[in-house]
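Below is one structure; the comments refer to it alone.
The values are calculated or read from the model by the stated rules, or taken from the named source; none is laboratory data. Here the structure is a predicted model, which means the values were calculated and not measured. Backbone-built Cβ (ideal geometry, glycine too); neighbour counts: all protein chains shown. For accessibility, only protein heavy atoms count, side chains too; no ligands or nucleic acids. Shrake-Rupley method; radii C 1.70, N 1.55, O 1.52, S 1.80 Å.
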Amino acid sequence: MAVDAILRLCGPEPCLIAIGNGTFRTGFNLASKHECFKTHFAKKARALGHVVVLVDEYLTSTMCPSCAAHDVPSRVAKPTRRSCVCLECGRWINRDSVGAQNIALIAERWMTDQTRPLPLERPPQALSL
């Protein structure tokens with residue numbers, strides 16, 4: 001029912017759906033409920049004609065989405081269990097919204113110019129000899 005309700009929000013027209021590609025496992029090395037939901041959701045969305053992309057979650061829960069949209073690197077402090085505050089712009093935001101907004105920002109930026117916002121990029125890998 002949850003999958004159907006979410007997909008109704010997309011409407012009848014095909015749309016892009018960005019999903020974080022983090023993997024979560026139980027203590028018994030079984031797929032978690034999150035993994036099962038993500039797989040089922042993606043399969044059903046694709047069957048309805050939506051484009052589903054997986055987004056690397058690197059730094060998505062630690063950088064302010066408002067600042068990252070302007071390529072300003074700014075980490076969020078977590079003074080409470082559910083809220084974060086940006087150390088640069090002072091914006092208060094729910095911690096779940098931080099990750100979701102950054103995942104959406106990454107997908108949007110990728111669609112326009114095939115890049116990732118600078119504050120959310122992975123550092124280049126050092127060459128090993």
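Structure notes:
- Checking every residue in region 114-122 against the condition of being in contact with a Phe, Trp or Tyr (Cβ under 8 Å, 6 or more places away or on another chain), loosely packed, with under 11 Cβ neighbours inside 10 Å and among the basic types (Lys, Arg) gives at least one match.
- Filter result for Ala5 (surrounded by 14 or more Cβ atoms within 10 Å (Cβ to Cβ) and not polar (S, T, N, Q)): no
- One residue stands out among those in region 30-53 that are out of contact with any strand residue (DSSP E or B) (no Cβ under 8 Å at 6 or more places or on another chain) and part of a loop (DSSP other than H, G, I, E, B): the one that is nearest to Ile106 (Cα to Cα), which is Gly49.
- Residue in region 35-48 that is within 22 Å of Ser97 (Cβ to Cβ), open to solvent by 90 Å² or more (accessible area, probe 1.4 Å), outside the structural domain of Asn94 (by the TED database) and modelled with pLDDT under 90 present: no
- Consider region 88-129 and keep the residues that are among the β-branched types (Val, Ile, Thr) and assigned to a helix (DSSP H, G or I). The one that is nearest to Gly20 (Cα to Cα) is Ile103.
- The single condition among (1) out of contact with any helix residue (DSSP H, G or I) (no Cβ under 6 Å at 6 or more places or on another chain); (2) in the same structural domain as Asp4 (by the TED database); (3) closer than 24 Å to Pro12 by Cα that Ala104 does not satisfy is (2).
- Beta carbons closer than 8 Å, at least 6 apart along the sequence or on distinct chains, pair a first residue in region 14-28 that is under 20 Å from Ala104 (Cα atoms) with a second that is among the aromatic types (Phe, Trp, Tyr) and modelled with pLDDT of 85 or more for Ile19/Phe41.
- Matching residues in region 88-111 - criterion: being more than 17 Å from the chain's Cα centre (by Cα) and either loosely packed, with under 11 Cβ neighbours inside 10 Å or closer than 15 Å to Leu54 by Cα (or both): Gly90
- Here Thr80 meets the list (1) within 30 Å of Gly11 (Cβ to Cβ); (2) in the same structural domain as Met111 (by the TED database) almost entirely, failing just condition (1).
- For region 64-87, a tally of residues being open to solvent by 20 Å² or more (accessible area, probe 1.4 Å) and assigned to a loop (DSSP other than H, G, I, E, B) returns 11.
- Screening region 54-63 for residues that are assigned to a loop (DSSP other than H, G, I, E, B) and either touching a residue at least 60 places away in the same chain (Cβ under 8 Å) or open to solvent by 40 Å² or more (accessible area, probe 1.4 Å) (or both) and picking the one that is farthest from Glu88 (Cα to Cα) gives Asp56.
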